[in-house]
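S.K.: Dumping the structure here so I can ask a few things about it.
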Amino acid sequence: MSPRWLIPSSMPLIRFVLSQLIGWAVIFAALKLGAPLSGFALALSQGALAALASRVLGAPRWWHAFHLAFTPLVWAASGLGISAGWYLAAFTVLALFYWTSFRTQVPLFLTNAATTHAVLDLLPKKPTRVLDAGAGTGSLVRPLAAARPDCHFVGIEAAPGPWLIGRLLAAGTPNIDWRRGDFWADDWAAYDLIYTFLSPVPMPEVWAKAQAQMRPGARLVSNSFAVPGVAPDFIVPATATGGRELYVYSPAAKGKAPIKG
């Protein structure tokens, strides 16, 4: 059985720790056998072994580079004389903003103004309910709420740092429902348009949930990441969004219109 099947893709933190442990286990075994490793050479060797382990375990390619650099960077930082309190502070900030990324494999992306304007053009003329699934700091829902006071906007964010910023910035806006939680647990049947800016990893699951729950006529709009194997209704080109394409789908539709854009 291939090792990648032993660790589900939904458990990247376990795979990260295991890759690092494998790298250190091999290094300790080499030291016991008398290998002349120390300092930066030792750190770089451990990083290379951890990167190789992550590849064998089926981690995405960008994780290999992270493993390769992790221990050498720790070794380099240890010689700078920086107080341990600063490392704790940096870890705390990163955890507040990115801790859920280990589980969801979705980093923090912020929607730019040009994309927000393109999404605004996609809203129906009638009062509409919109969900931003993985809303970050609310960079999409706040300007949309200001432009369309007749519509109701829901932003759901799991990471505590972005959620808190969004909570403060959205305070007092009556047509924004700002929530901290898991957008997978929400019922998507209540929305006329759902916006996502996630990563390639969850898109098959996004599509399955959208098809199962979204009602006829409702649209799914994905920033940058297409649903694998599914033709969108149309594509808003990157020239209209400041550099990123928008993929627009009608999950409840029986057929798909040709791609345009």
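The values are calculated or read from the model by the stated rules, or taken from the named source; none is laboratory data. All of these numbers come straight from a predicted model, not from anything done at the bench. When we count neighbours, we look across all protein chains shown, and the Cβ atoms used for this are built from the backbone with ideal geometry, even at glycine. Heavy atoms of the whole protein, side chains included, go into the accessibility calculation; ligands, DNA and RNA do not. Shrake-Rupley method; radii C 1.70, N 1.55, O 1.52, S 1.80 Å.
S.K.: Could you tell me the accessible area of residue 24 in Å² (1.4 Å probe, neighbours in place), rounded to the nearest ten?
M.R.: The accessible area comes out at roughly 80 Å².
S.K.: Does a label point 7 Å from the Cα of residue 126, set along Cα-to-beta-carbon, have any residues of the range 215-236 with amide nitrogen under 12 Å, and which are they?
M.R.: Taking a point 7 Å out along Cα→Cβ of residue 126, the residues of the range 215-236 whose backbone N falls under 12 Å are 217-218.
S.K.: Separate question: Given a Förster radius of 25 Å and the C-beta distance between residue 40 and residue 114 as r, what FRET efficiency does 1/(1 + (r/R0)^6) yield to the nearest 0.05?
M.R.: 0.05
S.K.: Ignoring ligands and nucleic acids, what accessible area does residue 67 show with a 1.4 Å probe (Å², nearest 10)?
M.R.: 0 Å²
S.K.: Here's another thing I want to ask about it. How high is the relative contact order of the range 132-202? Use alpha-carbon pairs under 8 Å, at least six apart in sequence, and give a whole percent. Provide the component values of the computation, followed by the final result.
M.R.: Values: 97 pairs, mean separation 26.5, N = 71.
This gives 37 percent for the range 132-202.
S.K.: Give the aspartates and glutamates reachable from residue 209 as a straight Cα distance under 12 Å; neighbours fewer than 8 places away on the same chain don't count.
M.R.: Cα-Cα hits under 12 Å: 186, 187.
S.K.: Here's another thing I want to ask about it. For residue 126, give me every one of the aspartates and glutamates with a C-alpha distance below 15 angstrom, ignoring sequence neighbours fewer than eight places off in its own chain.
M.R.: Those aspartates and glutamates meeting the cut-off are 150, 192.
S.K.: Here is a further query. Can you check what the net charge comes to around residue 153, using other residues whose Cβ is under 10 Å from the Cβ of residue 153 (Lys, Arg +1; Asp, Glu -1)?
M.R.: Taking every Cβ under 10 Å from that of residue 153, the sum is +1.
S.K.: Would you compute, for the Cα atoms of the range 12-81, the largest minus smallest coordinate along each principal axis and list the three values in descending order, in whole Å?
M.R.: 31, 30, 16
S.K.: Please tell me the relative contact order of the range 113-249 in percent, rounded to the nearest whole number, where contacts are Cα pairs under 8 Å and at least six residues apart. Before the final figure, lay out each step's value.
M.R.: Values: 242 pairs, mean separation 31.7, N = 137.
Across the range 113-249, relative contact order equals 23 percent.
S.K.: At 1.4 Å probe size, what's the solvent-accessible area of residue 78? Round to the nearest 10 Å².
M.R.: 90 Å²
S.K.: Can you tell me the convex hull volume per residue for the range 113-249, based on C-alpha atoms, in Å³ to the nearest whole number?
M.R.: Enclosed volume per residue, from the Cα hull, is 103 Å³.
S.K.: I want to check the label-to-label distance for residue 61 and residue 77. Put each point 7 Å from Cα in the C-beta direction and report it in nm to one decimal.
M.R.: Between residue 61 and residue 77, the label points sit 2.7 nm apart.
S.K.: What FRET efficiency would be calculated for the residue pair residue 211, residue 173, taking the C-beta separation as r and a Förster radius of 22 Å, to the nearest 0.05? Can you show the working numbers first?
M.R.: Details: r = 31 Å, r/R0 = 1.42.
Computed FRET efficiency for residue 211 and residue 173 comes out at 0.10.
S.K.: Provide 64, 117 ordered by accessible surface of protein heavy atoms (probe 1.4 Å), highest first.
M.R.: Largest to smallest exposure gives the sequence 117, 64.
S.K.: Another question, if that's okay. Using a 1.4 Å probe and counting only protein heavy atoms, arrange 234, 197, 66 so the residue with the most accessible area comes first.
M.R.: Accessible-area ranking of 234, 197, 66, largest first: 66, 234, 197.
S.K.: Which order do 18, 123 take when ranked by solvent-accessible area (1.4 Å probe, heavy atoms of all protein chains), largest first?
M.R.: Descending order: 18, 123.
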